[in-house]
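Colleague: The structure is given below, and queries will be raised subsequently.
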Amino acid sequence: MNILIIENEVYLAQKVVSRLLDDGHNCDFVENVNLENLTKEYDIVLLSTSISSSIVKGVIKKYGQNSIILLLVSYISDETVTNPIKDGAKDYIMKPFLMDELVRKIYHYKECRAIRRELKVLKDYFEFTMSDIDIKGNLTTSNATSISNSNNKYVKLAGNFVNATGNTTF
């Protein structure tokens, strides 16, 4: 994974980078943020809220759609947690934190994103396969010229049509 760490506490950032590099991730560390210089795409953004709130908002706006943004906060307030989460950050972790807890959150949100993507693919596939069947259960595709069954309930399976009792009909 490509991970961007925006943190003005250099020692903390170095510890996070070291741990994530040990886990096999690619990490970029930025202490002083210039949004125009951030051109790379990242899977995860670890964003300190101790920097300017306008920069926090800009980073969330830039990376919120395609990246998982986790806030690194020193204290909880509307400015450090509530507003950034409303803007698109996923979660926060309080400083000081255990490195294992941060890594757990990263993998948790990575897995959630993968599950959401898989669910979308499955929903799209379901809609595609069901598009040939109207609400009454009658066949509406041109793949077969005449299909009849006493209960009029069919399910499309790999191009064949199977009734509720499991008999293939053409």
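Colleague: Label-point separation (nm) for Asp91 and Ile115, each offset 7 Å from Cα along Cα-to-Cβ?
Modeller: Going from the Asp91 label point to the Ile115 one covers 1.1 nm.
Colleague: Probe radius 1.4 Å, ligands and nucleic acids ignored: give me the carbon and sulfur share of the accessible area of region 68-115 as a rounded percent.
Modeller: Result for region 68-115: 56 percent of the exposed heavy-atom area is carbon or sulfur.
Colleague: Sticking with this one: Students often get this wrong, so check it: of Lys15/Lys61; Lys57/Lys90; Lys61/Lys86; Lys15/Lys86; Lys57/Lys86, which have C-alpha atoms separated by over 20 Å?
Modeller: On the way: Lys15/Lys61 27 Å; Lys57/Lys90 13 Å; Lys61/Lys86 11 Å; Lys15/Lys86 28 Å; Lys57/Lys86 10 Å.
Violating the 20 Å Cα-Cα cut-off are Lys15/Lys61; Lys15/Lys86.
Colleague: So for the pair Phe126, Asn37, with labels modelled 7 Å out along Cα→Cβ, what separation do we get in nm?
Modeller: Modelled inter-label distance: 4.7 nm.
Colleague: Roll a 1.4 Å probe over the protein heavy atoms and report the accessible area of Phe29 in Å², nearest 10.
Modeller: That residue has around 80 Å² of solvent-accessible surface.
Colleague: Pick out, in residue order, every one of the trypsin sites (Lys or Arg not before Pro) in region 8-57 that is DSSP loop and has at most 14 other C-beta atoms within 10 Å; say none if there are none. Present the calculation step by step, with values, prior to reporting the outcome.
Modeller: Working: sites: Lys15, Arg19, Lys40, Lys57; in loops: Lys40.
Answer in residue order: Lys40.
Colleague: List the aspartates and glutamates whose alpha-carbon lies under 13 Å from that of Lys40, not counting same-chain residues fewer than 8 positions away?
Modeller: Here the aspartates and glutamates satisfying the reach criterion relative to Lys40 are Asp28.
Colleague: Given bins 10 angstrom wide, list per bin the percent of all Cα-Cα distances in region 1-142, short to long.
Modeller: All Cα pairs considered, the percentages come to 11, 38, 27, 9, 9, 6, 1.
Colleague: In region 9-48, which residues have a backbone nitrogen under 14 Å from the label point lying 7 Å from Leu98's Cα in the Cα-to-Cβ direction?
Modeller: Inside the label zone: nothing.
The values are calculated or read from the model by the stated rules, or taken from the named source; none is laboratory data. For clarity, every value in this text was computed on a predicted model and none was experimentally measured. Backbone-built Cβ (ideal geometry, glycine too); neighbour counts: all protein chains shown. Each accessible area value is taken on the protein alone, full model and side chains, heavy atoms only, with ligands, DNA and RNA left out. Shrake-Rupley method; radii C 1.70, N 1.55, O 1.52, S 1.80 Å.
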